[in-house]
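The values are calculated or read from the model by the stated rules, or taken from the named source; none is laboratory data. Model, not experiment: these values are computed from the prediction. Glycine also receives a Cβ, built like all others from the backbone with ideal geometry; neighbour counts cover every protein chain displayed.
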Amino acid sequence: MMKTMGCFSYLLALPFVFAITFSEGRKLRFGVCELHGTSLLEIKTYFDAIRGTVQDEDRVTDTVLLKKILLHNVPALESCCLLRHLLRFYVENVFRHYQATNPLLRRKTSSLSNSFLSVKTTLRQCHDQKKCTCGAEANRRLELFREEYEKLDHDTAAIKALGEMDILFKWMEKAKN
Amino acid sequence: MHSDKEALLPAPQNISIFSTNMKHFLTWSPVIIPGETVRYSVEFQGEYERYYANESWIPISECSFIIVTQCNVTEDISATVPYNLRVRADVGTQGSEWGTLKRLFNRNTTLLTPPRIKVIADGYHLLVELEDMGPAFQFHILYWKNGQESSVQKMMVKEITSAVHLDTVEAGTDYCVKVQTYVEAINRSSNFSQTQCIRVQDARSTWVTITLISFAGFIMAALVLPFLIWKISRIFEYSCCPVVILPETLKVAEPTTKLFLRGIEKAEYCDMSLCVMTPEEVFHLWIQDTLSYDL
């Protein structure tokens, strides 16, 4: 009797097992550059730890830095370049100007900034292999982002950009194939 | 004067990191000061802190002023970049110099061990139980019919939920399973586990269960069905051909003549019908009656 019950419970679990089976082989790919050794899921977990705080700290609510037009319909071959420069901008400007208000927040932000650095390194390798070249479209979009960012003072802009990282992750998620 | 005091307390030595399956532990040799309790504090520095944040160090609060000589640094070695770690000893207000790792640590050098597995055959279902190694781990599962190694089936599992259902399989056959782990964050896989084979039993026991259940069901039906039929027929009877019962007040009493007739003796029938008798006959009857009484 118990055995039969067991069988039924496994049958009920079948759809779930199929769901995980069919997600096999989904890798992050930007243009021809494949992001080996990057777990977007992991990076998103780090962001979740600081999300509440940084979004609360953001007082400028009438503007968005990562506007829709920046990340919408990016030509596939230029997506790698756009991502590389965005990550570089975060590493060199955003994280640097963010002053964590407590030690735990500092540790969690460190996880994010080091993860960004790790992805940036992989993208850099693609760039060196000419798999991550920039075009006019990527440059135009980056320029738009920089302009918006520079309209605000450094600290305000940094907090805003940190809070908007989920927009970036959503766009990266779409690159999974 | 202060630096002299610091010099008295030596920095922790033999700082090393042990990393297995993405769990990282920093250890060091104890600093021994007789009669004193030495406390240790640990800090880390990722590539970001090294190159973009003025070579700053971040304290690990769980490993601040601890008395053990080991620190779990898994939470903070959170990206695939080279990390540096350092440890300081403290006795009262006196602190040592920092002792640092000899070589930077990158988590992509972690030792990945094959997962522990348990293959189960449940009826016609082939299942495998996997060791829970944390959210970073995925599992590549290979399974095949013993002797048919050429047609190996593959499956990838991202999250473990008790046992993983592999396939519905043939009874009386040997199936084999082996599993390796894959960590996406470092793009590395472990070796495969040892192959485990299992014979999928002829599911006769299952048939016995099914037969028993069917039999019990039949018995139940045999008992319940007649009752149901009876009940339904009653319902039909009530609704289609109801028995009309007249109220007491409307009941007409039985005709008096009938009541009269009840229990009447044969001889008295004459009273009912009109009898014309002669005086002799009357006398004769009287005699008869009297005699029978006397007798």
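For (1) more than 27 Å from A:Gly37 (Cα to Cα); (2) surrounded by fewer than 16 Cβ atoms within 10 Å (Cβ to Cβ); (3) more than 10 Å from every other protein chain (Cβ to nearest Cβ), each residue gets a yes or a no:
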{"residue": "B:His125", "(1), (2), (3)": "yes, no, no"}
{"residue": "B:Phe137", "(1), (2), (3)": "no, no, yes"}
{"residue": "B:Ser150", "(1), (2), (3)": "yes, yes, yes"}
{"residue": "B:Lys154", "(1), (2), (3)": "no, yes, no"}
{"residue": "B:His165", "(1), (2), (3)": "yes, no, no"}
{"residue": "B:Cys176", "(1), (2), (3)": "yes, no, yes"}
{"residue": "B:Asn187", "(1), (2), (3)": "no, no, no"}
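Residues in the stretch A:23-68 that are assigned to a helix (DSSP H, G or I) and of a type in the set (A, V, I, L, M, F, W, C) were compared, and the one that is nearest to A:Gly163 (Cα to Cα) is A:Val54. The number of residues in the stretch B:16-37 being under 20 Å from B:Ser64 (Cβ atoms), buried (at least 19 other Cβ atoms within 10 Å of the Cβ) and out of contact with any Cys (no Cβ under 7 Å at 6 or more places or on another chain) comes to 4. Restricting A:Leu144, A:Leu123, A:Leu117 to those that are over 23 Å from B:Tyr51 (Cβ atoms) and of a type in the set (A, V, I, L, M) reduces the list to A:Leu144.
Residue pairs whose Cβ atoms lie under 6 Å apart, separated by 6 or more positions or on different chains, with the first residue in the stretch A:63-78 and under 17 Å from A:Cys132 (Cα atoms) and the second assigned to a loop (DSSP other than H, G, I, E, B), are A:Ala76/A:Gly31; A:Leu77/A:Gly31; A:Glu78/A:Gly135.
This table checks each residue for (1) within 30 Å of B:Gln153 (Cα to Cα); (2) modelled with pLDDT under 65; (3) facing chain B (nearest Cβ under 9 Å); (4) surrounded by 16 or more Cβ atoms within 10 Å (Cβ to Cβ).
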| site | (1), (2), (3), (4) |
| --- | --- |
| A:Lys3 | yes, yes, yes, no |
| A:Leu11 | yes, yes, yes, no |
| A:Leu14 | yes, yes, yes, no |
| A:Phe18 | yes, yes, no, no |
| A:Arg29 | yes, no, no, no |
| A:Asp48 | no, no, no, no |
| A:Thr63 | no, no, no, no |
| A:Leu70 | no, no, no, yes |
| A:Cys81 | no, no, no, yes |
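As a summary of the residue check, B:Glu43 satisfies the conditions (1) closer than 30 Å to A:Asn93 by Cβ; (2) more than 44 Å from the chain's Cα centre (by Cα); (3) crowded, with 17+ Cβ neighbours inside 10 Å; (4) not aliphatic (A, V, I, L, M) except for the one numbered (2). Would you check if there is a residue in the stretch B:98-117 being exposed (fewer than 14 other Cβ atoms within 10 Å of the Cβ) and either within 14 Å of chain A (Cβ to nearest Cβ) or in a strand (DSSP E or B) (or both)? Looking for residues that are exposed (fewer than 14 other Cβ atoms within 10 Å of the Cβ) and either within 14 Å of chain A (Cβ to nearest Cβ) or in a strand (DSSP E or B) (or both), one finds at least one in the stretch B:98-117, hence yes. When each of A:Leu144, A:Leu112, A:Leu117, A:Leu162 is tested for being surrounded by fewer than 18 Cβ atoms within 10 Å (Cβ to Cβ) and touching a helix residue (DSSP H, G or I) at 6+ places or on another chain (Cβ under 7 Å), the lone residue that passes is A:Leu144.
If you go through the stretch A:95-136 and keep only what is free of Cβ contacts under 8 Å to residues at least 60 places away in the same chain, facing chain B (nearest Cβ under 7 Å) and polar (S, T, N, Q), you end up with A:Ser110, A:Ser113, A:Asn114.
Residue-wise test of (1) closer than 17 Å to A:Thr38 by Cα; (2) of a type in the set (S, T, N, Q).
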position	(1), (2)
A:Arg124	yes, no
A:His127	yes, no
A:Asn139	no, yes
A:Tyr149	no, no
A:Ile159	no, no
A:Ala175	yes, no
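Filter the stretch B:35-78 down to the residues that are assigned to a loop (DSSP other than H, G, I, E, B) and away from chain A (no Cβ under 12 Å) and list them by number. So that I can check it myself, show each step before the final result.
Looking only at the stretch B:35-78, we keep the residues that are assigned to a loop (DSSP other than H, G, I, E, B), and these are B:35-38, B:46, B:53-57, B:60, B:64-65, B:67-69, B:73-78.
Selection gives B:Gly35, B:Glu36, B:Thr37, B:Val38, B:Glu55, B:Phe65, B:Ile67, B:Val68, B:Thr69.
Any residue at all in the stretch B:8-31 that is in a helix (DSSP H, G or I), closer than 27 Å to A:Lys120 by Cα and within 13 Å of chain A (Cβ to nearest Cβ)? Looking for residues that are in a helix (DSSP H, G or I), closer than 27 Å to A:Lys120 by Cα and within 13 Å of chain A (Cβ to nearest Cβ), one finds none in the stretch B:8-31, hence no.
Quick one: which helices (runs of 4 or more DSSP H) sit completely within the stretch A:69-177 and have at least 3 residues that are closer than 15 Å to A:Leu28 by Cβ, out of contact with any strand residue (DSSP E or B) (no Cβ under 7 Å at 6 or more places or on another chain) and not hydroxyl-bearing (Ser, Thr, Tyr)?
A:76-89, A:103-128, A:165-174
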